[in-house]
Amino acid sequence: MSSESRKLIVLLLLAAASCTPYRKMQRIISGEVGMVISVPDEKPADDDDDEEVRIDSIRGGLTDEPILMNAIRDNETGEMVATDVINASKVVARFRNVAERAGYVSVSFDVTVPEEMSDSDWQLKLRPLMRIQDDTLHLDPIFITGAGYRAGQLRGYQRYRNFLASIISDTADFIRMGQLEIFIQRHYPDTYAMKTDSSVVSDPDAETVFGVTQAEALRHYTRQMKWNRNERRKARADKMYGRYVKDPIVVEGIRLDTVLTSVDGDFIYRYMHTFRSRPGLKKVMITLSGDMYERGECIHHLPFPDELTYYISSLSTMADMTPKYRMIILQRRVYDNTKALIDFAQGSSAVDTSLSDNASELRRIRKCIEDVVSRDEYELDSLVITASCSPEGSYAHNRKLSSARSEAIRKHIGSYVPEEWRDSCLKTSLMPENWEQFRRIVMNDTVMAPSAVRRILDITDGMKDPDVAERKLSRMQEYRYMRERIYPKLRSVSFDFHLHRTGMLKDTVHTTEPDTLYMSGLEALKSLDYRKAVEILRPYDDYNSALAFMSADYNHSALDVLNRLDDHDARVCYLKAMVLSRLGMYDEAIKYFELSIVYDPYLEYRANLDPEMFRLVNKRKTLIKHNEYE
């Protein structure tokens, strides 16, 4: 056979070998072959049998090359579980009802890549997208890599490692050490004798010994061209990485990167994603985009497959939003009071606004009075002003002083109250010495010794003559502390407001008002803040509190509340059926589900749309079917 014939046969073989990828690519570009996403099949379970999916592992393998993954990560255990090829016929579904549980929603979908889209030299990068309300979220991508493509990636890494290995890291390699040592030995034997000496020689000393500086000697015996070439290699490290590693192997932020060695069927990956739900969330949409790569270059943008829709079923939609009211008892007479620390000069009753903090205290009292005047629902009966004194001086003197100070304050505030108040409403009282307040302050004092506190309390306990008690206190070594720190706090003025409700004739009226706390618990339930909802609604022990417990996945607490509610309420029976189903008590669950349907037939329709009730509905259908056959 001539050489020309051999060349022709080789060309024909190459052309035939290239036809298969070409035809596959043409079918992909034309849209004849494409990716598919679908919701997983959910075959109704019979009795207690769980759904099983037959999964075949990929046959074949690379003996000398790594397979990154032929598995998926289980969301609950975190373990890698083998999947890759599911040889099963498939009904493609485009929507699914999913349940929100404890504030979270889990969606799952199958990504199907036809066999014709798989090739050893290709890599598919698939990117799931989730549309949730007004946001579009990019989920972790999926990489499907051909064995030849991965081998090419690894070759690129090896070439880059070879390049890095060519960079010299030991600077001694650039110095002609042998020649430098001979030079020193020949011309400077004394210095050569220091070869094994570990002592440090400074630059000036070296210059006197060698006749040149160390820097000059090193430059003379350094291979400068080799050094410069090595520095250029260092500077090109990033550029060479891009040249050799055209498509880096991604190891983080991906859901799956599996290397296919041989595929005899469609590649199907079950993707599961759990996310935090949002208030008012009714549905989410999932779609898919992707690219096809060859030798690190994108050769085709894969079209978007059809969109999947997941309708969210949330227990919060079953909340009873009927307003709740609470009974309150209104008293005709209303009492309020405040106290001001108004200081007086010793033995004086004159109101001095420049003394201590009197000005700000009087402004605060004026603001309180104006607030009372502005409230139409109340009318003032009297404002009683009471000035108290500290125990210094005789009790009789302090009595007169207390009365004078109360009157002085009454006249002072009389200038800015309504005129009709001045004579009829402004009253005065007196408290010569406020021993009760004195005892409270002493008991909470942390400066005096406990023994001193006990003695003071003994002196003032049940005293009959305040002057005698004050003289006993004055003989204690703590007296100075009491005069400077405690007594000033006793010189105060209290303001007692006695009011009545406008237009109210009876002394007591029973009425209702909206329970704002309860309604805030319902708002927390609607906003999916289940911890807050449970905290607020727990004491009410009603339907909504049971719903809050179930929404937070506190199933035993929910059942405890439901057991105390009326079984003739359809909603109560429905929730009871659901929580019993969660706890695995299916016979009891079916009984209460049947009761809920009897009371409200609509709940059967809702149960068919509720993923949480799906299993229970099917169990009930199975029982009905068996009863018919009997």
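Read-outs: derived from the displayed coordinates by stated rules, not from any lab. Everything numeric here is computed off the predicted structure, so don't read it as measured data. All Cβ positions, even for glycine, are placed from backbone atoms using ideal geometry, and neighbour counts span all protein chains on display.
Observations on the model:
- Gain upon complete extension [TRP421, VAL33; 0.36 nm per residue less C-alpha separation]: 130.4 nm
- J(HN,Hα) series, segment 277-286, from Karplus relation 6.51 cos²θ - 1.76 cosθ + 1.60, nearest Hz, glycine and proline x: 6, 10, x, x, 6, 9, 7, 10, 10, 10
- In segment 326-508, the DSSP beta bridges split such that about 70 percent are antiparallel, to the nearest 5.
- Nearest-0.05 FRET efficiency for ASP306 and LYS234, computed from C-beta distance (R0 51 Å): 0.50
- Selection from HIS498, ASN444, ALA408, by position along the positive dipole direction of segment 326-508 (Cβ): ASN444
- Cα-based Lys proximity count in segment 469-627, under 23 Å, for pairs eight or more positions apart or on separate chains: 9
- Once the Cβ-Cβ distance of LEU139 and ALA359 is raised to the sixth power relative to R0 = 60 Å, the FRET efficiency obtained is 0.35.
- Using the Cβ-Cβ distance between LYS472 and ASP560 with R0 set to 45 Å, the FRET efficiency works out to roughly 0.15.
- The residues packed around LEU580, meaning those with a beta-carbon under 14 Å from its beta-carbon, carry a net charge of 0 if Lys and Arg are +1 and Asp and Glu are -1.
- Between segment 417-469 and segment 574-598, the alpha-carbon centres lie 66 Å apart.
- Span from the segment 119-140 Cα centroid across to the segment 278-332 one, whole angstrom: 18
- When you count the other C-beta atoms within 10 angstrom of each residue and take the mean per peptide, 576-589, 147-160 line up highest first as 576-589, 147-160.
- Among residues other than PRO141 with Cβ under 11 Å from its Cβ, the summed charge is 0 (Lys and Arg +1, Asp and Glu -1).
- Rounded D (µm²/s) - segment 227-286, Kirkwood Rh over Cα pairs, Stokes-Einstein at 25 °C, 0.890 mPa s: 141
- For segment 466-475, the Karplus equation 6.51 cos²θ - 1.76 cosθ + 1.60, evaluated at θ = phi - 60°, returns couplings of x, 5, 5, 4, 5, 5, 5, 5, 5, 8 Hz by residue, with Gly and Pro reported as x.
- Net +/- balance of residues flanking MET327 in space, Cβ distance below 15 Å, scoring K and R +1, D and E -1: 0
- Karplus-based coupling profile of segment 135-147, in residue order and whole Hz: 10, 10, 10, 8, 7, 4, x, 10, 10, 10, 10, x, 4, with θ = phi - 60° in 6.51 cos²θ - 1.76 cosθ + 1.60 and x standing for Gly or Pro.
- Here is the size of segment 385-500 from its Cα atoms: Rg then Dmax, 16.8, 54 Å.
- Rough spin-label spacing in nm, given labels placed 7 Å along Cα→Cβ, for ILE624 and LEU164: 6.7
- The length gained on full extension between ILE459 and VAL251, counted as 0.36 nm times the residue separation minus their Cα-Cα distance, comes to 66.8 nm.
- Low-density loop positions, GluC sites (Glu not before Pro), segment 259-315 - DSSP coil, at most 14 other Cβ in 10 Å: GLU307
- Inter-label distance, nm, simple model (7 Å from Cα along the C-beta direction), TYR325/LYS339: 4.0
- Taking label positions 7 Å along the Cα-Cβ direction at both ASP371 and ASP121, the computed distance is 8.4 nm, reported to one decimal.
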